[in-house]
Each structure stands twice: as C-alpha cells, then as structure tokens.
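The values are calculated or read from the model by the stated rules, or taken from the named source; none is laboratory data. It should be emphasised that the depicted structure is a prediction, and the values quoted were computed from it without experimental measurement. Neighbour counts run over all protein chains shown; Cβ positions are idealised from the backbone, glycine included.
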Amino acid sequence: MQVKSAGAIVLESRSRQKTFMSDNPLMENVGIGPRLIIVCGLPGSGKTTHASLLESRLRAIRFSPDEWMAALALDLYDEARRAKIEALQWRLCQELLALGLTVIVEWGTWGKSERDALRLGARALGAAVELHYLSAPVDVLFDRIQRRGLENPPIERDQLLRWVDIFQAPTREEMALYDAPSLPPSLEPGRASGFGVWATNL
C-alpha cells in the first residue's frame, strides 16, 4: 500500500476544501483553521474525559486507539495491532487537517520523539498544534485504573510504577514549541500550567 506524503494530501484536498468547509457543520463554530490537539498522559490521568470534552466543545474529531481496539474486540496489550491502528488514525488525521478541521489524538504519547513527530507532521500541513498534558499522583492513577476495569489482565501497581519511570513528561522547553490553546481557560476542561500545555486532575 502506497502511503501519501503530506504534500500530496494537501494538493489532493485543496480542490474540495472550500465545498467541504461550507457544507460541513463541524466547521461552523471553529474558524481557527486546521488544528491538532495532542492529549498526553499515563493511564488513569483523565485523557479520555478531557479529550471527549474538547471534542464536544470544539466539534473536533477524536482518535483513541483503545476505543477502536475495544470495538474490534482486540487485546489492548497487542502492541503490533495498536501500532497499525495508530498508523491508520494518523493517516486519517492528516487528511482531516488538510481539510481544515480540528483533530484530537488521544494516544498517551509517552515519549518526546513521538510528540515531536506528530507536531512536525501537522505543522507541515499548515496546522496549529496544541499539547495537553494530564497528570495525577500514582495512587490516584492506580485507583482510577482499578475502578474502570478496562484492561485484562488488570494493570498491576508495579507495572504502573515502571511506566511512570519511562514516561517522558513535557518540559517547559517542549511546551514552548506548541501553540496556545484554542479554548480560553474559563472554557477549558483542565487548568493551565504553562504555554501550550495543560494539566488536569480530572
């Protein structure tokens, strides 16, 4: 299967963009141009709650690999299939950004290199990029994970602690690489903790 370049996606989308934007209700209230919102955090940090609120308030399109895998009855621990789903979601994200829409990526994005790749890919399409970082104390994360009961087998506390160790939290230097949030603090489901980065204890 041939993978389209960002430039090819833009060129193919240009001829139908005006008609799409005028006919699609998703475009009625945004008016901010294409925008990628990266929701970053560990399991239990509130990514889905936060991203879902943004999806509603911005009339955005949200991509969550966990939801797709659950809908397809796939093992959430199947990293090979998760990678394929995320690759497909990213391709769809690029096509939607080229059409001028707001897209939310709810992948966790634990590593800076992964976040960098998304930011640079979206910027190549002329999109603004926000980074929303969600965090909570380990005890809170573990309690939420236990209560939601999504994973089988369940996530153990020792496993969560290992993930905390390898997770690369955004620094202030990384924050400065992103655009300011499209929603003002009074409407944002989280709370501001730095330029372009948001923290929440949802």
query: Of everything in region 48-60 that's within 14 Å of the chain's Cα centre (by Cα) and not hydroxyl-bearing (Ser, Thr, Tyr), which residue is surrounded by the most Cβ atoms within 10 Å (Cβ to Cβ)?
result: Leu54
Pair list, Cβ under 7 Å, 6 or more apart: region 61-77 residue within 30 Å of Gly33 (Cβ to Cβ) and of a type in the set (A, V, I, L, M), other residue part of a helix (DSSP H, G or I) and at pLDDT 95 or above: Ile61/Leu96
message: I'd like to check something: does region 79-91 contain any residue that is more than 17 Å from the chain's Cα centre (by Cα) and without any contact (Cβ under 8 Å) to a residue 12 or more places away in the chain?
response: yes
message: Can you list residue pairs whose Cβ atoms sit under 6 Å apart, with the first residue in region 97-117 being over 17 Å from Arg62 (Cβ atoms) and the second being assigned to a helix (DSSP H, G or I) and of a type in the set (Gly, Ala, Ser)? Count only pairs 6 or more apart in sequence or on different chains.
response: Ala98/Ser13
- line: Checked against (1) in contact with a Leu (Cβ under 9 Å, 6 or more places away or on another chain); (2) of a type in the set (D, E, K, R); (3) surrounded by fewer than 17 Cβ atoms within 10 Å (Cβ to Cβ), Arg82 satisfies every condition except (3)
field: Selection within region 127-178 - within 11 Å of Ser45 (Cα to Cα), assigned to a loop (DSSP other than H, G, I, E, B) and under 16 Å from the mean Cα position of the chain (by Cα)
entry: Leu134, Ser135
- prompt: What is the number of the single condition among (1) surrounded by fewer than 16 Cβ atoms within 10 Å (Cβ to Cβ); (2) within 19 Å of Glu174 (Cα to Cα); (3) among the aliphatic types (A, V, I, L, M) that Ala87 does not meet?
  reply: (2)
message: Exactly one condition in (1) at pLDDT below 95; (2) crowded, with 18+ Cβ neighbours inside 10 Å is false for Phe63; which is it?
response: (1)
